[in-house]
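Structure, as structure tokens:
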Amino acid sequence: MNLLDGKLVSAKIKEDIKKEAEAFTRQSGRRPHLVAILVGNDGGSETYVASKMRNCELVGFESTNIRYDVNISEEELIAKIKEINQDTSIDGLIVQLPLPKHIDPEKITEAIDYRKDVDGFHPINLGRMQRNLSCFVPATPYGIMLMLEYYNIDTAGKKAVVVGRSNIVGSPMSILLARNSNPGNCTVTLTHSRTANLKDEVLAGDIVVAAIGRKHFVTADMVKEGAVVIDVGINREESSETKSGFKLYGDVDFEEVSKKASWITPVPGGVGLMTIVGLLKNTLEAAKGTVYSK
Ligand code: NDP
């Protein structure tokens with residue numbers, strides 16, 4: 001088993017981003033600027049946003065976290081998004097999901113100017129991605145592709161099985177792996193909770209991406225000998241063993257599956273760190289105007 005080491009790869013790519021950000025700042029007289037809107041007090045969301053902000057500062061970006069009470073109305077939130085869309089000092093805007101039930105995430109996603117949509121969730125970015133046109137690729141699948149690229153994983157002609165079809169992870173991942181690109185050129189099966197004989201589908205995968213949200217869902221008997229296994233899952237459980245009071249578990253039973261896999265990501269220390277890299281790269285591209293000209 002070889003480790004797809006998110007710690008190592010993210011640190012290397014962040015060094016490059018930092019150098020590029022310095023060059024951008026020298027030329028333009030300002031830093032790339034990411035704004036993150038956080039609604040409510042969800043513990044997981046607070047941790048993710050804090051980490052995104054910290055990483056922005058580490059690579060020399062400006063970062064702003066706008067927080068709202070859980071009761072903010074959809075109209076108020078959209079008004080703020082529209083204001084940010086017009087603000088030329090801001091390059092990227094993300095609204096942390098999940099949102100409270102009274103706010104429609106689709107409306108919020110579509111309110112963001114697709115040229116600032118560094119999460120890559122806007123339908124224009126998703127459509128352009130499907131057509132292999134320049135766009136912001138959703139941060140988690142983007143990070144996974146960067147990881148596969150870094151380790152030179154041979155994906156062409158391989159059978160990839162993605163478990164989970166969410167708009168932010170599973171679906172875009174399946175599109176990227178199927179595209180005529182490197183990494184890519186896989187024959188992809190996208191599975192979900194209504195898939196019949198899921199175990200047989202996963203067993204056929206040379207590459208398996210697990211994005212389900214259930215601790216240790218993918219077990220060793222579901223995985224082919226020598227498969228490349230990417231674990232997207234972040235399942236938080238209370239724990240007295242850690243300082244934070246939480247422990248993170250992946251969607252893959254790492255201990256057993258790693259005995260069969262040729263390559264595997266750990267949790268933590270895998271895809272989560274690469275997601276941040278995807279977001280930082282998109283923000284830098286937004287500032288430079290290389291995806292959509294300014
Ligand atoms: P969603 O809840 O949006 O989607 C989960 C998907 O898994 C759905 O498509 C669902 O199918 C499928 N699923 C659920 N149960 C089963 C089952 N028994 N068999 C087969 N498929 C099933 O989750 P996300 O995609 O947002 O997130 C997935 C996981 O990844 C979570 O743990 C999340 O915390 C983590 N995550 C990690 C990130 C990172 O940076 N590492 C970033 C984003 C998410 P159906 O559509 O039929 O309901």
Exercise. When you go through 103, 17 one by one, which is the residue that is at pLDDT 95 or above, in a loop (DSSP other than H, G, I, E, B) and open to solvent by less than 10 Å² (accessible area, probe 1.4 Å)?
Worked result: 103
Problem set entry | Test for residue 31: is it of a type in the set (Lys, Arg) and out of contact with any Gly (no Cβ under 7 Å at 6 or more places or on another chain) | no
Exercise. Filtering region 47-86 down to residues that are in contact with a Lys or Arg (Cβ under 6 Å, 6 or more places away or on another chain) and without any contact (Cβ under 8 Å) to a residue 60 or more places away in the chain, which residue is farthest from residue 19 (Cα to Cα)?
Worked result: 62
For this session: Using the structure shown, decide if residue 293 is open to solvent by 10 Å² or more (accessible area, probe 1.4 Å), more than 16 Å from the chain's Cα centre (by Cα), touching a residue at least 60 places away in the same chain (Cβ under 8 Å) and closer than 30 Å to residue 15 by Cα.
Result: no
For this session: Scan region 112-127 residue by residue and report those that are open to solvent by less than 20 Å² (accessible area, probe 1.4 Å) and part of a helix (DSSP H, G or I).
Result: 125
For this session: Only residues in region 91-107 that are closer than 23 Å to residue 275 by Cβ count as the first member; pair them with residues that are in a strand (DSSP E or B) and acidic (Asp, Glu), Cβ under 6 angstrom, at least 6 apart or cross-chain, and list the lot.
Result: none
Seminar exercise, completed: Going through region 258-267 in order, the residues found to be open to solvent by 10 Å² or more (accessible area, probe 1.4 Å) and more than 9 Å from the ligand (Cβ to nearest atom) are 258, 259, 260, 262, 263, 266
Problem set entry | In region 185-219, residue nearest to the ligand (Cβ to nearest atom) [restricted to those that are open to solvent by less than 20 Å² (accessible area, probe 1.4 Å) and outside any loop (DSSP other than H, G, I, E, B)] | 191
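Which residues, taken from region 229-257, are small (Gly, Ala, Ser) and surrounded by fewer than 19 Cβ atoms within 10 Å (Cβ to Cβ)?
Once the filter is applied, which keeps residues that are small (Gly, Ala, Ser) and surrounded by fewer than 19 Cβ atoms within 10 Å (Cβ to Cβ), region 229-257 yields 239, 240, 244, 245.
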For this session: For residues that are within 21 Å of residue 89 (Cα to Cα) and of a type in the set (Val, Ile, Thr), scanning just region 271-294, find the one that is nearest to the ligand (Cβ to nearest atom).
Result: 283
Problem set entry | Filter result (assigned to a loop (DSSP other than H, G, I, E, B) and closer than 29 Å to residue 108 by Cβ) within region 21-41 | 30, 31, 32, 40, 41
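The values are calculated or read from the model by the stated rules, or taken from the named source; none is laboratory data. Being a predicted model, the structure only gives us computed values, none of them experimental. A quick note on method: Cβ atoms are made from the backbone with ideal geometry, for glycine too, and the neighbour counts reach across all protein chains shown. Just so you know, the surface numbers come from the protein's heavy atoms only, side chains and all, with ligands and any DNA or RNA stripped out. Shrake-Rupley method; radii C 1.70, N 1.55, O 1.52, S 1.80 Å.
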